[in-house]
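For reference, the structure is listed below as structure tokens.
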Amino acid sequence: MSRPLVLALGNDLLGDDGVGLAAARLLREDLPPHVDVEETPTGGLDLLDWMEGRERVLLLDAVVSGRHPPGTVLELTRGDFKTGSLPSPHYAGLPDVLALAERLGIPFPRDLRVLAMEVEPPRELGTGLSPVVRAALPGFVDRARRLIRAWDPAGAGGPRAAPPAPRGTRSPGET
Amino acid sequence: MNQRRVTIDPITRLEGHGKIDIFLDEQGEVERAYFQVPELRGFEVFSLGRPAEDMPQITSRICGVCPTAHHMASAKALDDLYQVEPPPAAKKLRELVYNTFMLEDHALHVYILGGPDFIVGPDAPPALRNVVGVIQKVGLDVGKKVISMRWRLRELITYLGGKVIHPVMGLPGGVAKAMDPAELPKFKQLAEDGLEFARFTLNVFKDIVLKNPAYVKLITSDTFTHKTYYMGLVDANNRVNFYDGQLRVVRPDGTEYAKFPARKYLDYVAEHVEPWSTIKFCFLKPVGWKGFVEGSESGVYAVAPLARLNAADGMATPEAQKACEEFFKTLGGRPVHHTLATHWARVVEILQAAERIRELVNDPEITSKEIRTIPTAVPKVGIGVVEAPRGTLFHHYETDERGLITKANLIVATQNNSARIAMSVDKAAKGLIHRGEVREGLLNMIEMAFRAYDPCHGCGTHALPGEMPLVVALRDSATGRVLREIRR
């Protein structure tokens, strides 16, 4: 069985855009040995390279939806992505990538979750997180930890651990 | 004046948040449409005091889409800073990586990003104007071919560049790694397959786009046409070059206006600021800023595939040259002013990139171990330029005698194009919206005007939300009140 992957997306030269990367660095400190953690500054089709052949993937990302206050942590599963999204002028988003993988028969994670933190759009080049996002980071990391523990096949991650999903995804409440 | 304002706010993803404002007069006719993108600030401040040698790594991290373009422009700026000429093999290795990047990035645009407009069709329902729609149209096998080719091209970039993202190959005076002759057969095979893929892509484009009279009519329609200056890098024979050469500018009638080395760019390129936008609009300094207008009296110019084909006398490789001749013959001769022809020009460039890759991997010098000239000069000013997939990219650094940055400036492709993009959006809006009628299809056509440029907005790297909600707000400009809102 392939190793579960935590994949952090973001650019740490763009302030809060790097919140997923910051979370990944904290997660590495006490990671179960059977889980991989990777960081990437790209999105779009590069996600194919990262996720192909994996069965369980947790994406950590920053998001600007404008619908939540900065620092809000959103948890999404495959069912939450709209299919038939409109093209971006730049590159394919996750729903496009999922649709593409499905069409082309590329083995893709059945259990794919996303933890994303709402941030303000970064306007200035620079490292470091804003105070709001920094304050929300521990909660973000805890949520990720709980999801990772639930992946542990032996359930050794602690009392909150749950068996891995047999297929598809589960709603946030079930984790 | 009782203006009404329509706002198209199409991109909520971090990687780009563009906005179109359309002001309608009392009759519902478009008075003026504005396209603006927030500019990423702070590059200069961020760079100050850093060692110049770090810039190829830092600048390639700015953008998750064009890391290789920034890396190469930066490495060339360092060559210039230290007044050092890389050995021929080092230049060829850089060019090999660069053409590979160009082929991959252009193919991605043709099939995935621009494809929905042209392969699926501008009038197709929104649910089909995406990658799934493209695959339905071209077939599953083609989709698999695109993905596999992309993977193999990136393997070559990774081999020489260290990483596709954050490449580490370019150093002042050369590159970090030579080509191992043992690896060469694999890349020679890739070059053959890449060329086959490029030929195939040209055929796909011809079959689907050029055989459809409605598309050709759209491409050549006045709504998507602007007679401006064009800029692009050319080699010693005035042929298109992505990696090196001189910058050539042609007038709206296609005659040469200027040809200059990167070092002189400030003599030719200046920036104009408008009160309604934070973006800087580049224009040709000697011609001057005359507003958002066409013609030889106006300094507005364009970069990117269409501009490169217009600014050169032809392509540097035989098959691309043939495709280029057909391009100009079909569209009525040089220069071509139809913005949507950019998609076709991109396919012609795919062919050149593929042919050049094949030339380079078959060049005996490509495996030479002479890949670095050690710099000894005292640094002061370094300026580098490449043709990024989206157009001319300038990197300009100044340092103290220890090589620590004292001044840094970037002009990215979208900045070069910004005035013409604004004009394209304005013209499309004026041509398509009448009597206040704002339909879904019309909005897509207006978006097509800027999608052809593949504008680069920001530099985040996000997968989510992965959709492009289009919010159109009709506003009374006097009060700012929303009169009507359309979402899709």
Just checking, does segment B:331-341 include any residue being assigned to a strand (DSSP E or B) and either over 27 Å from residue B:92 (Cα atoms) or touching a Phe, Trp or Tyr at 6+ places or on another chain (Cβ under 6 Å) (or both)? yes
From the option list B:334, B:390, single residue qualifying as modelled with pLDDT under 95 and touching a helix residue (DSSP H, G or I) at 6+ places or on another chain (Cβ under 7 Å) is B:390
What number of residues in segment B:416-445 are over 24 Å from residue B:307 (Cα atoms) and under 21 Å from the mean Cα position of the chain (by Cα)? 0
From the set of residues in segment A:92-124 that are in contact with a strand residue (DSSP E or B) (Cβ under 7 Å, 6 or more places away or on another chain) and among the aliphatic types (A, V, I, L, M), which is farthest from residue A:62 (Cα to Cα)? A:112
Can you find a residue in segment B:342-352 that is part of a helix (DSSP H, G or I), over 19 Å from residue B:106 (Cα atoms) and at pLDDT 95 or above? no
If a residue has to be assigned to a loop (DSSP other than H, G, I, E, B) and at the interface with chain A (Cβ under 10 Å from one of its Cβ atoms) to count, how many in segment B:121-141 make the cut? 3
Pick from segment A:125-154, criterion touching a residue at least 12 places away in the same chain (Cβ under 8 Å) and among the charged types (D, E, K, R), ranking: farthest from residue B:409 (Cα to Cα): A:152
Looking at (1) surrounded by 23 or more Cβ atoms within 10 Å (Cβ to Cβ); (2) modelled with pLDDT under 85, which is the one condition that is false for residue A:76? (1)
Please verify whether segment B:82-91 includes one or more residues that are part of a helix (DSSP H, G or I), buried (at least 22 other Cβ atoms within 10 Å of the Cβ) and touching a Phe, Trp or Tyr at 6+ places or on another chain (Cβ under 9 Å). no
Out of the residues in segment A:49-63 that are in contact with a strand residue (DSSP E or B) (Cβ under 8 Å, 6 or more places away or on another chain) and within 11 Å of chain B (Cβ to nearest Cβ), which is surrounded by the fewest Cβ atoms within 10 Å (Cβ to Cβ)? A:50
So which residues in segment B:240-257 are surrounded by fewer than 23 Cβ atoms within 10 Å (Cβ to Cβ) and over 25 Å from residue B:70 (Cβ atoms), if there are any at all? B:251, B:252, B:253, B:254, B:255, B:256, B:257
Filter segment A:13-45 down to the residues that are charged (D, E, K, R) and more than 8 Å from chain B (Cβ to nearest Cβ) and list them by number. A:16, A:25, A:28, A:29, A:30, A:36, A:38, A:39
Here are B:163, B:144: which of them is assigned to a loop (DSSP other than H, G, I, E, B), surrounded by fewer than 17 Cβ atoms within 10 Å (Cβ to Cβ) and either charged (D, E, K, R) or at pLDDT 90 or above (or both)? B:163
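The values are calculated or read from the model by the stated rules, or taken from the named source; none is laboratory data. Because the structure is a prediction, the values reported are computed rather than measured. Note that each Cβ is placed from the backbone with ideal geometry, even for glycine, and that neighbours are counted across all protein chains shown.
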